[in-house]
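A.B. asks: Handing you a structure now.
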Amino acid sequence: MPKKKAAVIGAGLVGATAAFTMLMNNTADELVLIDVNRDKAEGDALDMNHGMSFLPPVKLTSGWYEHCRDAALIVLTAGAAQKPGESRMDLLGRNLRVFDDVLSNLLPNLAPNALLLTVTNPVDVLTQYVLERSGLPPSRVMGSGTVLDTSRLKWAIAEHIGLDSRDVKTFVIGEHGDTAVAAFSATAVSGMRLDEYCAQCPQPGCDALTRLSELHREVRGAAYDVIAKKGATHYAVALAVNRVAEAALNDQKAVLTVSGLIEGAYGIKDVCLSLPRVVGAGGMERLLEVPYSKEELAALRHSAEVIREAYRGGVTRREAPDIGTFL
């Protein structure tokens, strides 16, 4: 197996941008693009290859599911994108049908220790569906979850207090969606609690502590805002996908809020949602149980119930999937 081969299934805006971002960051030694529209995947691969002389060498091709057999990481971006006025949960029925076809073709072609990264929305429900359909260990099936939401929150706080967003440490946990929870109790600025930093912040009019709820609403509504203005989100989510990919392919042991199966933490079981986890070559290698506030824990448990009910309503109660081929 090549040291760092990744396959991206779905060459739409998110998939193609994610592949391009991985290429620009030299995240993988080899990349393969797979899409039901084979001309689109081939065209994207050609377009990127034409600029390869400006980059470190990467083998980039288009292909089909048999080309996943030696891939260490499979990124699942196939499916319908969110439209103006739609929630992520509104996509479930359409994207379950897409995933039925994708998984029917993919699962017979998985490398023995491959990791699966679900990006398609609703990502938490689909991550659980991939886990149950694949029969893989929970550590090897993760979703992009709130990695992007966490970055959005860091940026929003940093913009407000006038600092580099990399100096803000915080988490968004729970659903990648309307019940996401901002973990302000776990927020720090260069090693200081947010309230400690704000007490000495020189930024004129800095009132971050009084605006936490507003900042949280801005983050939860960020995707809706971008979609309303330009029709889709794909740049920032591609950067989030790349961050997870480089952590997994390079065994970085990075703490990221990926979505995965919860098996008892905070009294939550048998549902996929985002919490800080150590991500490395083994996938989700360890869960960090951060001491959140009582209010945040209540909101997290509510988020878990929303995801659970969506899974029951959209997956468990539906008719048996049509296991055809994705041609």
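The values are calculated or read from the model by the stated rules, or taken from the named source; none is laboratory data. This is a predicted model, so every value here is computed, not measured. Cβ atoms come from the backbone with ideal geometry, glycine included; neighbour counts cover every protein chain shown. Calculation scope for accessible area: heavy atoms of the full protein, side chains included, ligands and nucleic acids excluded. Shrake-Rupley method; radii C 1.70, N 1.55, O 1.52, S 1.80 Å.
A.B. asks: Name, by its number, the condition in (1) open to solvent by less than 10 Å² (accessible area, probe 1.4 Å); (2) within 20 Å of the chain's Cα centre (by Cα); (3) on the phi < 0 side of the Ramachandran plot that does not hold for Ile268.
C.D. replies: Here Ile268 meets the rest and fails (2).
A.B. asks: Out of (1) open to solvent by 10 Å² or more (accessible area, probe 1.4 Å); (2) touching a residue at least 60 places away in the same chain (Cβ under 8 Å); (3) under 17 Å from Val315 (Cβ atoms), what's the single condition that is false for Val125?
C.D. replies: Answer for Val125: the failing condition is (1).
A.B. asks: Could you check, for region 166-189, whether at least one of its residues is among the acidic types (Asp, Glu), open to solvent by 30 Å² or more (accessible area, probe 1.4 Å) and at pLDDT 90 or above?
C.D. replies: Taking every residue of region 166-189 in turn, at least one turns out to be among the acidic types (Asp, Glu), open to solvent by 30 Å² or more (accessible area, probe 1.4 Å) and at pLDDT 90 or above.
A.B. asks: Please identify the pairs in which a residue from region 47-73 that is within 22 Å of Gly10 (Cβ to Cβ) has its Cβ atom under 7 Å from the Cβ atom of a residue that is open to solvent by 80 Å² or more (accessible area, probe 1.4 Å) and outside any helix (DSSP H, G or I), counting only partners at least 6 apart or on another chain.
C.D. replies: Cβ pairs passing all conditions: Asp70/Met1; Ala72/Met1.
A.B. asks: Looking at region 129-161, which of the residues that are open to solvent by less than 10 Å² (accessible area, probe 1.4 Å) and touching a Cys at 6+ places or on another chain (Cβ under 8 Å) is nearest to Thr233 (Cα to Cα)?
C.D. replies: Gly143
A.B. asks: For the list (1) without any contact (Cβ under 8 Å) to a residue 24 or more places away in the chain; (2) under 17 Å from Ile9 (Cβ atoms), I need the number of the one condition that Asp101 fails.
C.D. replies: Among (1) without any contact (Cβ under 8 Å) to a residue 24 or more places away in the chain; (2) under 17 Å from Ile9 (Cβ atoms), the lone unmet condition for Asp101 is (1).
A.B. asks: Just a yes or no: is a residue in region 39-59 among the small types (Gly, Ala, Ser) and outside any helix (DSSP H, G or I)?
C.D. replies: Yes, because at least one residue in region 39-59 is among the small types (Gly, Ala, Ser) and outside any helix (DSSP H, G or I).
A.B. asks: Which residue, of Leu126, Leu136, Leu148, is within 21 Å of Leu275 (Cβ to Cβ), in a loop (DSSP other than H, G, I, E, B) and not hydroxyl-bearing (Ser, Thr, Tyr)?
C.D. replies: Checking each option against the conditions leaves just Leu136.
A.B. asks: Do the conditions hold for Thr27, that is, is it part of a loop (DSSP other than H, G, I, E, B), in contact (Cβ under 8 Å) with a residue 40 or more places away in the chain, open to solvent by less than 20 Å² (accessible area, probe 1.4 Å) and among the polar types (S, T, N, Q)?
C.D. replies: Answer is yes for this residue.
A.B. asks: Is it fair to say Pro112 is open to solvent by 30 Å² or more (accessible area, probe 1.4 Å) and farther than 26 Å from Asp195 by Cβ?
C.D. replies: Criteria met by Pro112.
A.B. asks: Please state which one of Arg217, Arg193, Arg211, Arg140 is touching a helix residue (DSSP H, G or I) at 6+ places or on another chain (Cβ under 8 Å) and charged (D, E, K, R).
C.D. replies: Just a single option satisfies the conditions, and that option is Arg211.
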